[in-house]
Structure formats: C-alpha cells, structure tokens
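Notes follow once the structure below has been shown.
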Amino acid sequence: MISNKGKLILVSLLLILVSACSSKDPDLAIGEKIYTGACKVCHSQGINGAPVFGNEKNWGPRKAQGLDVLVEHASNGFGLMPAKGGKAELTEDQIRAAIKYMLSALEE
Amino acid sequence: MKSVASKKLASKKVVKKALAVVSITSATLLIASCGGGDKAVGIEPQVHTDALFAVMKADRTNYTKLIIQRLGPKGAGAITPKEEWKDLENGAPLPAQMFRAGAEAVRDLNDTFTYSLQSLWPINKQNAPKSPMEKEGLTFIKDNPGENFYGTEELGGVNYYTAVYPDVAVAAPCVDCHNEHKDTPKTDFKLGDVMGGVVIRVPL
C-alpha cells in the first residue's frame, strides 16, 4: 500500500516525465509553423523541383552544404526557387527556423 | 462365407474411404486453384495518379530549367517564352502551355487516363472546372496548400478516380501574366499561391 506522500511523489515524477517527453524544441515549433504557412505548398511534393520534405535523396546533398548556405539560398532565391518562396515578409530567423524544421525530418 | 451383415459393413467402409479420397482431392484442387501461383495485382489508383503527376512535374520543371531559363531572356536569349509564341520566329511555349500540349497529346494517344490544367479563376473559361468533383478538388487544394485531393465520381455511366494536384505560382512571370491579362478574373495572385490544379482522371 503506497502512502499519500509516496503517491504524491509518484504523480510528480510522472508529470515531469510526460512534460519532458512532449516538450518540443521551440525553434522547431516556430519552424513548423513557418513551413506550413509558407513552404509546404511547394516542398511537400517537389513543385518546380523543390526538395521534398523528408526526402533523404533530395536533402542529403543540401544538408551537407550547411545551414548558413541553405538560409542564404532560400532568402535570396536559388535555381527555380524565388527569394523566400515569394513571402517577402519572412525574416532570416524565420527562414532559418523553417529550414531547421525541414532538416529535422531527415534521419540522423 | 461372409455374412450379409459383414458384407454390408465392408461395403460401407469402402464407400467411406472413397468419399474421403474424393473430399481430400476436391479440397486440394480448390485450394490450389484459389491460392496457388503468382497472380497479377492491380496498382492502387492513388499510387497510379501520384506516379503520373511525378512524371508531369519532372518534365515541366526540366522544361523550365533546361529550356526556358537556359535559352530564354535570362540565359542565352535565344528564345522568347511568350503566350503568343506562335507569332514569334523564336517564340517558345510557356511551361503551362507546354503542359497543356502534353495533355492534348495524351488524349489522342490513349484512353486509360486524362489530365488537364484547370483553375477556379481561368483566363480561358474552357479551363474552368466542369464536374462537381473538379470544383471540390480545386477548392480543397486552394484551402489546403501542399495537400492533394482524391475522390471518385461517375460521369456518363463510368466510374472514375479523380485526383487534383496543386498548380503553384512559382515565378514572377506566372503572377504578373495572370494578374495583368485582359481576360483574368483575378488580379491579386502572389508568389506561392495555388493558382489552379492538375486534374488526373482514371477510369475504374
């Protein structure tokens, strides 16, 4: 039989565990929001040659170039991609967060 | 000498054995005919239309990158991509026009599928949605950027699988041309907007 104090400790431990498991990197959460609103329209399925979200073949060589290069490409336009995907109001931080989110979909 | 009773018993046993053999043989033949051997299985309609769209996307992207960009005004300057390309000696169809040309050619080549580029705001009214499912699909992809629409419909007594894929304003010329065109019903397209959709239809 567990004492009331023991039950309280157990419940507290469980709450800590649940919150630790469910907490997202805040950067990724912002990135996901930017991705959904601005990037998904092309990147979800490779419109106009856009690297497809979660596609290792598309993103592998790009990931190897480093985040700063990818941010520069997305911000200024690259190949068939218009600058900021046409969303001129996006800041560099927002673009960085969106790219980090897209990279997070790849396997380590 | 065997008695009548034992003769009857013997014949019953023979009949039972015969029945057992026939039953086992029939069951074996039934199982073999149902489950045996390699059987061709059809492709899921969504897999089929997604594959078709992948080819269309790739060809359109390559036309844009390898022909329009490379040989057009921003590249070698050898061709002039323009809606009225036929009026120019070095005119070239715009990517959307090349896409439509492909759709027309496919219509002439086969009847296993059709595809078309349609819009809720077409410059040419013949490219407006015609069936309720086309309208539903175009509305869905406009309201859910990045998503595709899939459904089934009956037209002229035939059941079809209908898929609608987004057509996105990926370059400034797409936006500028549509916004400034004399026949456009919409003048505020922006880069990244879903301007219309590719409708692929496969008879079931």
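The numbers here are math on the coordinates, done by the rules we state, and not lab data. Not measured: the values here are computed from a predicted model. Cβ sites come from the backbone with ideal geometry, for glycine too, and all protein chains shown count toward neighbours.
For the reader, a short list of remarks on this structure follows.
- Long-range HN-HN contacts of B:Ala92 with modeled amide H, under 5 Å: B:Thr80, B:Lys82
- All aspartates and glutamates inside 15 Å of B:Lys130 as judged from Cα atoms, apart from same-chain residues fewer than 8 positions distant: B:Glu153, B:Glu154
- Neighbour-count order for B:Glu154, B:Glu83, A:Glu89, A:Glu32, fewest beta carbons within 10 angstrom listed first: A:Glu89, B:Glu154, B:Glu83, A:Glu32
- Anisotropy class of the stretch A:25-104 from Cα gyration tensor, a/c 1.5 cut: rounded
- The shape of the stretch B:112-204 comes out prolate: with a ≥ b ≥ c from the C-alpha gyration tensor, a/c is at least 1.5 and a/b beats b/c.
- Take each peptide in B:155-161, A:37-43, count the other Cβ atoms within 10 Å of every residue, and average; sorted highest first, the result is A:37-43, B:155-161.
- Across peptide A:98-104, the mean count of Cβ atoms from other chains lying within 10 Å of each residue's own Cβ comes to 0.
- The stretch B:45-203 shape via C-alpha gyration tensor axes, a/c threshold 1.5: prolate
- Taking other residues whose beta carbon is less than 14 angstrom from the beta carbon of A:Val69, and scoring Lys, Arg as +1 and Asp, Glu as -1, yields +1.
- Local electrostatic count, A:Gly49, Cβ distance below 15 Å [Lys/Arg +1, Asp/Glu -1]: +4
- A protection proxy built from the mean count of other Cβ atoms within 10 Å ranks the segments B:179-187, B:48-56, most packed first, as B:48-56, B:179-187.
- Rounded Å value of the spacing that divides the Cα centres of the stretch A:73-108 and the stretch B:69-99: 29
- Ranked packing of B:190-199, B:106-115, most packed first, by mean Cβ within 10 Å: B:190-199, B:106-115
- 19 Å Cα cut-off, lysine pairs counted over chain A (separation 8 or more, or different chains): 15
- When B:Trp85, A:Trp59 are sorted by how many other C-beta atoms sit within 10 angstrom of their C-beta, beginning with the fewest, the order is B:Trp85, A:Trp59.
- For the residues of A:38-46, the average number of beta carbons from a partner chain within 10 Å of their own beta carbon is 5.
- Cβ-derived FRET efficiency at R0 30 Å, B:Val41 paired with B:Asn179, nearest 0.05: 0.05
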